[in-house]
1. Within region 329-356, can you find the residues that are assigned to a loop (DSSP other than H, G, I, E, B), more than 16 Å from ligand 2 (Cβ to nearest atom) and surrounded by fewer than 18 Cβ atoms within 10 Å (Cβ to Cβ)?
2. Inside region 51-90, can you point out the residues that are exposed (fewer than 15 other Cβ atoms within 10 Å of the Cβ) and either more than 17 Å from residue 36 (Cβ to Cβ) or not assigned by TED's automatic domain parsing to the domain that holds residue 122 (or both)?
3. Does residue 144 satisfy the condition of being under 30 Å from residue 305 (Cβ atoms), touching a helix residue (DSSP H, G or I) at 6+ places or on another chain (Cβ under 8 Å) and in a loop (DSSP other than H, G, I, E, B)?
4. Taking region 190-204 only, how many residues are at pLDDT 90 or above, surrounded by 14 or more Cβ atoms within 10 Å (Cβ to Cβ) and in a helix (DSSP H, G or I)?
5. Just to be sure, is residue 241 modelled with pLDDT of 90 or more, farther than 29 Å from residue 323 by Cβ and part of a loop (DSSP other than H, G, I, E, B)?
6. Test residue 25 against the stated conditions and say whether it is touching a Cys at 6+ places or on another chain (Cβ under 9 Å), touching a residue at least 60 places away in the same chain (Cβ under 8 Å) and buried (at least 19 other Cβ atoms within 10 Å of the Cβ).
Amino acid sequence: MVSTEENERLTRVGPDTPCGALMRRYWHPICAEATLRKNPVQPIKILGEQLVLYRDRGGRLGLLHHRCAHRAMHLMFGVPEEEGLRCCYHGWLYDHAGHILETPLEPVESHIKDHVRLKAYPVQEMGGLIWAYLGPEPVPLLPRWDLYVREGSFRQIVAHRLPCNWLQVMENRGDLAHAIYLHGRLFQYALERQGRLTDDSQARYNATMRQQSDRLQRGVYPQYRPVYNEFGFTKGNRESDQPDDATSWIIGANPVLFPYLLGFGPGSVGIRKSYQLGIPVDDTTTWHLQYFCYTFPEGVEIPEQDGVPYVEVPLTSEQGEYTLDYVLGQDMVAWYGQGEITDRTKEHLGQSDACVVAYRQLLGEQIDIVGAGGEPMNVFRDAAQSDRPELRIPSRTGYEPFGRRGALSAAGFYRANYHRVSEGGWLYIDDDADRYCPDRDLIVELYRKTEELLDKDEAQSSRR
Ligand code: FES
Ligand SMILES: [Fe+2]
């Protein structure tokens, strides 16, 4: 349980808040490059600030305060010029640093432009996303994590806008325990209501619930703990009767990278890797991104991508019903189902919340560091450090080459079998947010080709 004051301190991200000051030490994604390509001027909200992002005709990005300094016209209606953004009302022209280049309806000798300047922030492009830094100078480096810059992989971004505070999303990152009921029992119930629930023993929800009833019968329970590393932590997990040296307890799963990135599969084998990011738009809105990166084995040709495709998916169906028959849909309803900013003074935490508590502690410590004038974790100033080829966290298996069936199936039944139809008659890819990928059908096809290739390899090696 935390006090009301602490709940406020940990959750609010506006300009004059302690957590807002911490968040302003990091680069944040603010817009998909694909969105900006459709319309080069976009209204943006990030950390409670209203801004306008544009790309001028010279290709330069700018991020400005949303209102014109003349008479407060919203700059989302601005016109991108060769250099800068022109307010559509009386034509004042701004450059990327917020300087006024022209006030065309004023006399040439007017000095307005010499002493008025609009607030502006640095922006950069990486991995199909536009990133912004809203904090104090000197501006740190934008860390180039593995999946954003990986070559030869196929990428897709699936996004949602959630009506809740970012910390609820982040706490779920530490909470491995939720998967048992949220992605097991609720999944079964959602399919039951659709008339699609089967006994398919391989299906994630059935396997999960079978495992849980086995635990209950044996009188054991799942245990969790943070396993800290230089960027955050992984989630150590075991069953209560397992030994202290169980690998999953020592190494942990799914790294949490401070402040809000969750990694699935970095440093491991398998086709599909992803990041999930819960970006604080304001105190009660979170922009959630699942950043998918598929790496297929040599011999499976992937088409060249013209940018990273981006899709924003509504939370409910056209009939207004919550979509609960896929994993991320279940996660998201849990996040905003806790309320806009959940009242943590009312909660009753148990042993299964160990990593949730660990994240809150880490957050509190980092807020304190910034409050005391220090530099929080994961702020990079040395190019050799920020330009990492991979998110280097301990992993159970390390990188392994493809070409062996083990490598594919190690990614898990669902992940490895997206191209197959379940007993319920649906493709396994539809069980998670991948179903919304703009190139979903192509991904299914590439999985099928991978399996064909592995079959061929296997047949050849058994002949040898
Ligand atoms: S309000 Fe923008 S130029 Fe007048
Ligand atoms: Fe989940």
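1. Narrowing region 329-356 to residues assigned to a loop (DSSP other than H, G, I, E, B): 337-343, 347-350.
Cutting the leftovers down to more than 16 Å from ligand 2 (Cβ to nearest atom) gives us 339-343, 347-350.
Of everything in region 329-356, those that are assigned to a loop (DSSP other than H, G, I, E, B), more than 16 Å from ligand 2 (Cβ to nearest atom) and surrounded by fewer than 18 Cβ atoms within 10 Å (Cβ to Cβ) turn out to be 339, 340, 343, 347, 348, 349, 350.
2. Residues satisfying the conditions are 71, 72, 82, 90.
3. Against the criterion (under 30 Å from residue 305 (Cβ atoms), touching a helix residue (DSSP H, G or I) at 6+ places or on another chain (Cβ under 8 Å) and in a loop (DSSP other than H, G, I, E, B)), residue 144 qualifies.
4. Total satisfying the criteria: 2.
5. In short, yes.
6. For residue 25, the condition - touching a Cys at 6+ places or on another chain (Cβ under 9 Å), touching a residue at least 60 places away in the same chain (Cβ under 8 Å) and buried (at least 19 other Cβ atoms within 10 Å of the Cβ) - is not met.
Residue-by-condition table, conditions (1) touching a helix residue (DSSP H, G or I) at 6+ places or on another chain (Cβ under 9 Å); (2) touching a residue at least 24 places away in the same chain (Cβ under 8 Å); (3) closer than 23 Å to residue 354 by Cβ:
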| site | (1), (2), (3) |
| --- | --- |
| 165 | yes, yes, yes |
| 172 | yes, yes, yes |
| 184 | yes, yes, yes |
| 192 | no, no, no |
| 199 | yes, yes, no |
| 206 | yes, no, no |
| 214 | no, no, yes |
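Okay, residues lined up against (1) assigned to a loop (DSSP other than H, G, I, E, B); (2) within 16 Å of ligand 1 (Cβ to nearest atom):
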| site | (1), (2) |
| --- | --- |
| 89 | yes, yes |
| 96 | yes, no |
| 107 | yes, yes |
| 114 | no, no |
| 124 | no, no |
| 131 | no, no |
| 135 | yes, no |
| 138 | yes, no |
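The values are calculated or read from the model by the stated rules, or taken from the named source; none is laboratory data. Given the structure is predicted, the values throughout are model-derived calculations rather than measurements. FYI the Cβ positions are ideal-geometry reconstructions off the backbone, even for glycines, and counts take in every protein chain you see.
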